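Report on the structure given below.
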Amino acid sequence: MDILVPILTMAALGLFFSAGLVFAYKKLRVYEDPKIEIVSEMLPQANCGACGYSGCRAFAAAVVKGEAPPENCPVGGEEVANQIADTLGIKAGEIIKKVARVHCRGTWNAAKSRGSYLGISTCFAAHLIGGNKQCSFGCLGLGDCVLACAFDAMYMSEEGLPVITEDKCTACGKCVDACPRSILDLQPISQEIIVFCRSEDRGPIARKVCKNACIACGICVRACPDAIILENYLAKIVDFKKIDPEKIPDIEKCPTDSIGRLKKENER
Amino acid sequence: MEIIALFFSAILINNFVLHYFLGICPFLGVSKKIDSALSMGLAVTFVMSITAAVSWAINHWILIPYQLDYLQIVSFILVIASLVQLVEMFIRKISPPLYQALGIYLPLITTNCAIFFLALMAALKNYNFIETVIFGIGSGLGFTLAIILMAGIREQLDLADVPEALKGAGISLIVAGIMALAFLGFSGMIK
């Protein structure tokens, strides 16, 4: 009979605590839409934050509530968007595939150095003291963006510039946020002509510090006045759709090579 | 006076993390950012203080009178598990982002040896009710202090030039070891 005492004691304790938990559950329950779980499972689970939400789950919750359109997940792309749209019975919008692009050609050879930088080896730290190159707009070449990339789509070239593998790039925007000098941004993959410079220095100064800087000569603007303008001594593409494909050779006459087509990796 | 000594010795000298090396899992897992470390510390402190009180009551009103001391372990586990469930529900209701940030480490408080050790230690040392509760709060605050210090150091470590092989867990364990050495300096201050 002695065995009954511990058994009953433990049973009573267990009942007591479970009653407490049941009571607490009634008070503190959080209702969650089961659709959130289903949508969440369709997402890539990269938790990169490119959609503007804190993770795939938060994005799924927003889509189910109707606060975010399903095509806002750049990593999943069209396939995932259509899948979600089918499940929820809504329509997915059109997706423009974007990729990250590097807007600097200031390689170690092209851009003049300010001296050897021996501080903390991140762009963020180097930027605080003005950087390692004479150009105060160019790429610092220490690879914060490469570290930020969660998809293994970037590497540092030997010349000291980040290179993006466009097949792997999901346009999550992590590298864009990581760069203290805004060298990177997201562009439609169909955009062929890219400005490879961020320097807002006047032509002579820009040319002095970097061989590949935009000197605002206006050759590209004369080739396509509708599409390209000069702003702050820098060529700027206002609307890439207006670039006439026949004029591309004229644009590529750029004396400093700071605007043109992205060279494919095998052409380097 | 003795109670004050007990309180501070639980925080500084017999710090659960740095003296007994208990509760290392959340100590390393949630110490990447100061604010989530603080929340984790407070959650553990809460569970510890309530566990201390409830386990004392069970021990002295049920287990000892009926000579059921051998049920201490299993009944304390029951207390801790239920309390952690309660805290989990509470945090999920009050602050979903915090719930996300603590992640798996929140239910893992259940298996946090520090809390279990606290309940057993208080029973072993025959503390009275007030001493047990003070011991629980002190130990919880000691855990909070340790995890916040660790998070502060790890936030700085992000900028340090750590050798490739030691990045992540390696350097964290070394830091924890050095912190334990530093805390050894407190021993002997209170008998």
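Here is the size of the protein assembly as shown from its Cα atoms: Rg then Dmax, 30.3, 102 Å. Here the sum of -39500 (n - 2.57) over DSSP H runs of 4 or more residues, divided by the residues of chain B, equals -21500 deg cm²/dmol at 222 nm, to the nearest 500.
Take the convex hull of the alpha carbons in the stretch B:96-191; its mean projected area over all directions comes to 8.9 nm². Counted over all Cα-Cα pairs of the stretch B:30-116, pairs farther apart than 21 Å make up 34 percent.
The distance linking the stretch B:98-135 with the stretch A:174-190 is 47 Å (Cα centroid to Cα centroid, whole angstrom). Span-like helix criteria (full DSSP H runs; alpha carbon extent of at least 18 Å along the helix axis; mean Kyte-Doolittle hydropathy of at least -0.5) are satisfied in chain B by B:34-57, B:72-94, B:129-157, B:169-184. Separation of the alpha carbons by more than 31 angstrom is noted, of A:K211/A:K241; A:K98/B:K167; A:K97/A:K263, for A:K98/B:K167. With no solvent and one equal point scatterer placed on each C-alpha of chain A, evaluate the Debye formula and give log10 I(q)/I(0) for q = 0.08, 0.14, 0.15, 0.17 Å⁻¹, two decimals. For the requested q values the scattering log ratios are -0.48, -1.02, -1.10, -1.25. Dividing the summed -39500 (n - 2.57) terms of all DSSP H runs of n ≥ 4 by the residue count of chain A sets its mean residue ellipticity at 222 nm at -9000 deg cm²/dmol. Compared with the dominant Cα axis of chain A, that is its longest principal axis, helix A:77-88 is turned about 30°.
From the P(r) of the stretch A:1-143, can you give the percent of Cα pairs sitting at distances over 25 Å? Percent of Cα pairs beyond 25 Å in the stretch A:1-143: 62. If you line up the long axis of helix A:56-65 against the longest principal axis of chain A, both from Cα atoms, how many degrees apart are they, to the nearest 10? Once rounded, the angle reads 80 degrees. Within a straight-line Cα-Cα reach of under 26 Å, B:K125 can be paired with the following lysines, leaving aside sequence neighbours fewer than 8 residues apart in one chain: B:K191. Along the stretch A:99-114 the Karplus relation, 6.51 cos²θ - 1.76 cosθ + 1.60 evaluated at θ = phi - 60°, assigns HN-Hα couplings of 9, 7, 10, 9, 10, 7, 10, x, 5, 4, 6, 6, 9, 6, 8, 8 Hz to successive residues, with x for each Gly and Pro. Expressed as a whole number of Å, what is the distance separating the alpha-carbon centroids of the stretch B:24-87 and the stretch A:138-167? The two parts, judged by their Cα centres, are 47 Å apart.
Do the alpha carbons of any pairs in A:K174/B:K32; A:K174/A:K236; A:K91/A:K236 sit beyond 29 Å of each other, and which pairs? The pairs that break the limit, which is 29 Å between Cα atoms, are A:K91/A:K236. Applying the Kirkwood pairwise sum to the alpha-carbon positions of chain B produces a hydrodynamic radius of 17.2 angstrom. By how many degrees, 0 to 90 and rounded to 10, does the Cα axis of helix A:4-28 deviate from the longest principal axis of chain A? Around 50 degrees separate the two axes. The label point for A:E67 and the one for A:K211, both projected 7 Å from the Cα toward the Cβ, are 5.2 nm apart.
Every number in this text was worked out from the coordinates using simple rules, so none of it is lab data. All figures in this text were calculated on a predicted structure; none of them were measured in a lab. FYI the Cβ positions are ideal-geometry reconstructions off the backbone, even for glycines, and counts take in every protein chain you see.
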